[in-house]
Amino acid sequence: MHDPDTSPDTSLAGWTIAFDLDGTLVDTAPDLIGALNVLLVEQAMAPAPMSAVRQLVGHGVRGLLQRAYQLAGLTITEERIDALRPRFIEIYRARIARESRPFPGCLAALADLRRRGARLAVCTNKPMALTEALLAELDMTRRFDAVVGGDTLPVQKPDPAPLLKAIARAGGDRARAILVGDASPDVGAAKAAGVPCIIVGFGYNDRPAAELGGDVLISGYEALAEAVANIAASCRTAAESL
């Protein structure tokens with residue numbers, strides 16, 4: 001009897017897949033909004049409903065505070081935001097993974113990409129200390145070859161520099177790299193770097209995911225492997241035709 005082919009699948013060897021963090025790898029909204037509401041109560045304000053602020057998680061502390069104050073019929077100055085930011089970060093760090101979890105299918109998809117030979121990286125605008133803490137709490141650090149945070153460089157996404165740094169740190173090549181994200185800064189960084197961008201439709205953005213301009217839109221992690229494979233195959237076909 002002929003034995004079936006048991007050779008390993010190395011179809012993604014040489015490829016680097018970079019991921020945004022909040023809203024892409026991990027659903028961090030419960031803890032971020034939980035921290036926001038603790039802060040609001042400390043300021044003698046009513047908590048903000050999750051449904052009213054979830055899509056602004058990708059806009060950082062500034063976006064969350066501005067929206068919360070707007071909901072209360074108030075305005076907040078940039079100076080007040082700067083003054084409240086350290087307390088917000090203190091509250092958030094203390095509960096960073098109380099309710100935050102990887103999105104459904106995420107861990108299995110990461111493992112599958114690794115089995116196929118891909119290198120994996122995180123490229124996020126979240127401060128590095130919080131990024132490292134969250135990944136460690138969720139036992140996800142070991143899954144990545146490189147991590148670049150929002151303060152690793154003087155610039156953040158949509159500037160392409162953090163993405164290019166993440167690819168380089170992972171030992172990859174921009175010509176064989178993909179960014180997976182959920183928001184306009186991800187698309188902007190990918191386009192500026194000349195890297196294809198896969199957008200997940202379940203993340204945090206105040207615009208419909210289909211309008212962000214990504215190369216591929218997926219609704220769940222079960223579709224990621226096929227999307228990556230299709231981009232890789234398309235790049236190989238383009239290279240062979242030269």
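Throughout, read-outs are computed from the coordinates displayed, never taken from laboratory work. Values in this document were obtained by computation on a predicted structure and should not be read as measured data. Cβ coordinates were reconstructed from backbone atoms using ideal geometry, including for glycine residues, and neighbour counts include every protein chain displayed.
Along the charge dipole of the chain, Cβ charges K/R +1 and D/E -1, which of Phe144, Ile89, Ala111 sits furthest on the positive end? The one lying farthest along the dipole's positive direction is Ile89. Legend: calculated FRET efficiency, Ala46 to Ala111, from the Cβ-Cβ distance at R0 = 41 Å, rounded to 0.05, equals 0.45. Label sites at Glu79 and Asp173, each approximated as a point 7 angstrom past Cα along Cα to Cβ, lie 5.4 nm apart. Straight-line cross-link reach from Lys126 at under 17 Å between alpha-carbon atoms covers these lysines, not counting any fewer than eight positions away in the same chain: Lys157, Lys165. The tail of the calculated P(r) for region 29-94 beyond 16 Å holds 35 percent of all Cα-Cα pairs. Each of Ile17, Val200, Ala121 was placed along the dipole of the chain (beta-carbon charges, centred on the mean Cα), and the one lying farthest toward the positive end is Ala121.
Counting DSSP beta bridges in the chain, what percent are antiparallel, to the nearest 5?
Percentage antiparallel, nearest 5: 10.
Taking the Cα centre of the chain as origin and assigning +1 to Lys and Arg Cβ atoms and -1 to Asp and Glu Cβ atoms, the resulting dipole is close to 380 debye. Residues considered: Asp27, Asp151, Asp186. Largest GNM mean-square fluctuation over the chain, using C-alpha springs under 10 Å, is found at Asp151. Available extension along the chain between Ala229 and Glu132 is 32.0 nm, counting 0.36 nm per residue and deducting the alpha carbon span. Dipole size of region 29-94 about its Cα centre, with +1 on Lys/Arg Cβ and -1 on Asp/Glu Cβ: approximately 140 debye, rounded to the nearest 20.
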